[in-house]
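In what follows, a structure is listed as structure tokens, so that the remarks can point back to it.
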Amino acid sequence: MARRAKPARAGGARQRLPKQFDAADQTRTKPTLQSVYAGRQLVGFLLNRGKLGVEATDARGRSLGIYTTPKAAADAISTAVSTASITNEAAVEAQRQQHRTNNS
């Protein structure tokens, strides 16, 4: 019986990847950046800062602070978004009032 030849591998012998690229290690690490959405709108990011905690940033990347839990950081983003939308609505209403006053 004839022996079958082993197929040649592209790139030669298999080399071990550095530990930082090992797939088994990557499944155990937590993501360092998570996006936060309200529906389809990006409202902020959660950044894992290790022992310091979790940093919350708005959609523009401005820091809202570092919190002990991801939930607290997400709550900070939610508060910032709702405060910004209320402030924006008030500014729009003030502009409408100003426009009405100028046109009267």
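Considering only residues of the stretch 57-75 that are among the small types (Gly, Ala, Ser) and within 14 Å of the chain's Cα centre (by Cα), which is surrounded by the most Cβ atoms within 10 Å (Cβ to Cβ)? Among those residues, the one meeting the criterion is ALA73. Inclusion of ARG49 among residues that are in contact with a strand residue (DSSP E or B) (Cβ under 6 Å, 6 or more places away or on another chain), charged (D, E, K, R) and at pLDDT 90 or above is warranted. Taking the stretch 29-54 as the range and being charged (D, E, K, R) and surrounded by 18 or more Cβ atoms within 10 Å (Cβ to Cβ) as the test, no residue passes. Tallying residues that are over 23 Å from LEU33 (Cβ atoms) and of a type outside the set (Ser, Thr, Tyr) within the stretch 48-104 yields 16. Of the residues examined, GLY65 is not one that is over 24 Å from SER85 (Cβ atoms), touching a helix residue (DSSP H, G or I) at 6+ places or on another chain (Cβ under 9 Å), modelled with pLDDT of 65 or more and of a type outside the set (A, V, I, L, M, F, W, C).
The values are calculated or read from the model by the stated rules, or taken from the named source; none is laboratory data. Everything numeric here is computed off the predicted structure, so don't read it as measured data. Glycine gets a Cβ as well: all are built from the backbone with ideal geometry, and neighbour counts include every protein chain shown.
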